[in-house]
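**Student:** Below are the structure tokens for one structure; questions will follow.
Only the coordinates and a few stated rules stand behind these numbers; no lab work does. Predicted model only: the values in this text are computed from it and were never measured. Positions of Cβ are backbone-derived with ideal geometry, glycine not excepted, and every protein chain shown enters the neighbour counts.
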Amino acid sequence: MAKLKLQGKDLRKINYPEDRTIAIVIDVMHKHYKHYSLEDALKILEEILANPFEYTESEPLSKIANALIEYNIRLLRKGEKSHMTISEELLTDALQTESNEYFLRKDKLNYTSFGSINIEEGAIKQMETAMRLPVTVAGALMPDAHQGYGLPIGGVLATQNAVIPFGVGVDIGCRMCLSVFDINDKMLKAKEDFFKNTLKENTLFGAGREFAKTTVHEITDRKEFDENPLLKSLQFKAAKQLGSSGSGNHFVEFGIVEIKEVNNALGLAVGNYIGLLSHSGSRGLGATIANHYTKLAMQTCKLQNEAKHLAWLSLDTQEGMEYWLAMNLAGDYASACHHVIHDKIAKVLNEEPICRVENHHNFAWKEIHNGQELIVHRKGATPAGKNVLGIIPGSMTAPGYIVSGKGLEASLNSAAHGAGRRMSRSKAISSITMNDMKKLLKDHGVTLLGGGLDEAPQAYKDITKVMQAQTDLVDIVGAFYPKIVKMDQ
């Protein structure tokens, strides 16, 4: 009986790849199928080529099958298409089981962008990458969007049973809080020194800053601190930082709240009031949680380089549930920080606020969309469900807005979280002078305590244009005009 004489050209004719697979095929077939005719041998090889996963347990053909699978995985890693009809889903599953590697969809899911004419290309590119994640279900991009890490600032992403730590952000629960006081707004000018000193003495700014005396609050006694060793190690620091505001773009400010509509969602009479507005997050607690679980996510969910910061944790895993509980604790802690600040200042004013509006804009929520429970990440985006109230700040010299959500599904019930940066911090410092900033502040009657050129009003987009781009997302209930602004030095 004649021996099989299989050559590389025979394999190339039936579309075997031009790599080491050919040598493996020839070796296996000549050793174990040497009495087969060329026709019969090629028929077997075509069947393996069509579905190598059916032969991974069949010796000695498993060597050929595994070589074909490895070849296709290499293509998948490089984002290249295979000429084979092998199932990409099976390839992805095989690789994930073996090495925790996940691959982006070749085509992004559609998403709605609001005010895209004013959104930088880097933010759009990041959003398009996020829309290619295998866990992504829906997304939207807000009109204040700009480039960040992983998900862009102003990005909204809905996923299936997965939470992305960098989709929430490092400052978990970063939020706005507005207290409105029934005080004549002219008092801000008449008693300016009093209001300035009130801010200085009842707030604390600066990275890592802590109070000498802690504020007693139920948040620091939450059971989560005892159930998670990481959180336990942060409990004392969290207590020392409760009621502080940190650095960067965080602020506490007095301003004028203007209500123009008679039947408004706040139930306030038309007129002007004094408002206390704060912006900050969960301090060292949130930052440590974010960094710890982002590292875990990147270890267990390996993605292509452009998407590595979008690594997720499944809520079916211990790590995923740990992060979810820690994130919610950090969000509640951020809220408590604002309440401590506002309560201290209200006590000094000897006034109770007649209303309070607040919202997170760095968080993830479980929500129902199109009948499906999803994890909705809002990284620099304001919840804007039907009739949900929120605050969208401008800059030191531009008004912020009290808004009521319209519940637009295309935006995943979201809106912008502010004016959004148009300059990076380094560009602002290099292109804006202190004299320019001081003149602008003076022209708008704003007193700045602390703050630097990196947060100059000129570094931000025009809030008017941002609001015009989201008329389908929110109704304006009232406006807030900053007058005395306290920030980090």
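**Student:** At a Förster distance of 45 Å, what's the computed FRET efficiency of Tyr149 paired with Asn387, Cβ-Cβ distance as r, to 0.05?
**Tutor:** 0.85
**Student:** On to the next question. Does anything in segment 416-433 have its amide N under 19 Å from the 7 Å Cα→Cβ label point of Ala207, and if so which residues?
**Tutor:** Hits in segment 416-433 for Ala207 at 19 Å: 424-430.
**Student:** With +1 on the Cβ of every Lys and Arg and -1 on the Cβ of every Asp and Glu, and nothing else charged, how large is the dipole of segment 259-359 about its Cα centre, in debye rounded to the nearest 20?
**Tutor:** 280 debye
**Student:** Now for a different question. How far apart, in nm, are the 7 Å Cα→Cβ label points at Ala269 and Glu128?
**Tutor:** Rounded to a tenth, the inter-label distance reads 5.5 nm.
**Student:** Here is a follow-up. What does the net charge come to around Leu449 if you take all other residues with beta carbon closer than 14 Å to its beta carbon, with K and R at +1 and D and E at -1?
**Tutor:** With Lys, Arg at +1 and Asp, Glu at -1, the net is -1.
**Student:** Further, regarding this structure: With the crude spin-label approximation of a point 7 Å out along Cα→Cβ, what separation in nm comes out for Asp193 versus Thr300?
**Tutor:** Rounded to a tenth, the inter-label distance reads 5.9 nm.
**Student:** Moving on to the next point. If you stretched the chain out fully between Met434 and Val262, how much longer would it get, using 0.36 nm times the residue separation minus the C-alpha to C-alpha distance?
**Tutor:** Separation in residues times 0.36 nm, less the Cα-Cα distance, equals 57.8 nm.
**Student:** Count neighbours as other Cβ atoms within 10 Å of each site's Cβ, and list the trypsin sites (Lys or Arg not before Pro) in segment 158-245 that are DSSP loop with at most 10 such neighbours.
**Tutor:** Within segment 158-245, the qualifying trypsin sites (Lys or Arg not before Pro) (loop, at most 10 other Cβ atoms within 10 Å) are Lys213, Lys223.
**Student:** Give the peptides 151-160, 20-29 in descending order of average Cβ contacts within 10 Å, highest first.
**Tutor:** 151-160, 20-29
**Student:** Report, ordered by chain and residue number, the lysines lying within cross-link reach of Lys108, taken as a straight Cα distance under 29 Å and ignoring same-chain residues fewer than 8 apart.
**Tutor:** Filter leaves Lys78, Lys81, Lys125, Lys295, Lys302, Lys308, Lys366, Lys379, Lys386, Lys406, Lys461, Lys465.
**Student:** Which whole-angstrom value gives the distance between the alpha carbon centres of segment 223-267 and segment 418-471?
**Tutor:** 23 Å
**Student:** Quick check: net charge around Ile153, other residues with Cβ under 9 Å of its Cβ, Lys/Arg +1 and Asp/Glu -1? Please report the intermediate quantities before stating the final value.
**Tutor:** Numbers: positive: Lys379, Arg421; negative: Asp144.
Spelling it out: positives minus negatives among the neighbours equals +1.
**Student:** Which residues make up the longest stretch of the chain that has no GluC sites (Glu not before Pro) in a DSSP loop with at most 15 other Cβ atoms within 10 Å?
**Tutor:** Longest site-free region, per DSSP loop and neighbour criteria: 121-260.
**Student:** Which net charge results when you count Lys and Arg as +1 and Asp and Glu as -1 among the other residues whose beta-carbon is under 15 Å from that of His360? If you can, show how the numbers build up before the last one.
**Tutor:** Values: positive: Arg175, Arg283, Arg356, Lys366, Arg378, Lys379; negative: Asp171, Asp332, Glu358, Glu367.
Value of the local net charge: +2.
**Student:** How far apart, in nanometres, would the label points at Leu109 and Asp221 be if each is projected 7 angstrom from Cα along the Cα-to-Cβ direction?
**Tutor:** Label-label distance for Leu109 and Asp221, simple model: 4.3 nm.
**Student:** Still on this structure, I have one more. Return a whole-number percent for the relative contact order of the chain, with Cα pairs under 8 Å and 6 or more residues apart as the contact set.
**Tutor:** That works out to 17 percent.
**Student:** Still on this structure, please answer the following. Run the paramagnetic zone check for Ser233: 7 angstrom along Cα to Cβ, then residues of segment 309-330 with backbone nitrogen under 20 Å.
**Tutor:** It comes to 318-330, nothing else.
**Student:** Let's test the formula: R0 of 41 Å, r as the Cβ-Cβ distance of Asp182 and Lys366. What FRET efficiency results, to the nearest 0.05?
**Tutor:** 0.65
**Student:** Separate question: Run lengths n ≥ 4 of DSSP H only: what is the helix-derived mean residue ellipticity at 222 nm for the chain, with -39500 (n - 2.57) per run over all residues, to the nearest 500?
**Tutor:** -11000 deg cm²/dmol
**Student:** Just how far, in whole angstrom, is segment 177-207 from segment 1-47 if you go by their alpha carbon centroids?
**Tutor:** About 83 Å separates the Cα centre of segment 1-47 from the one of segment 177-207.
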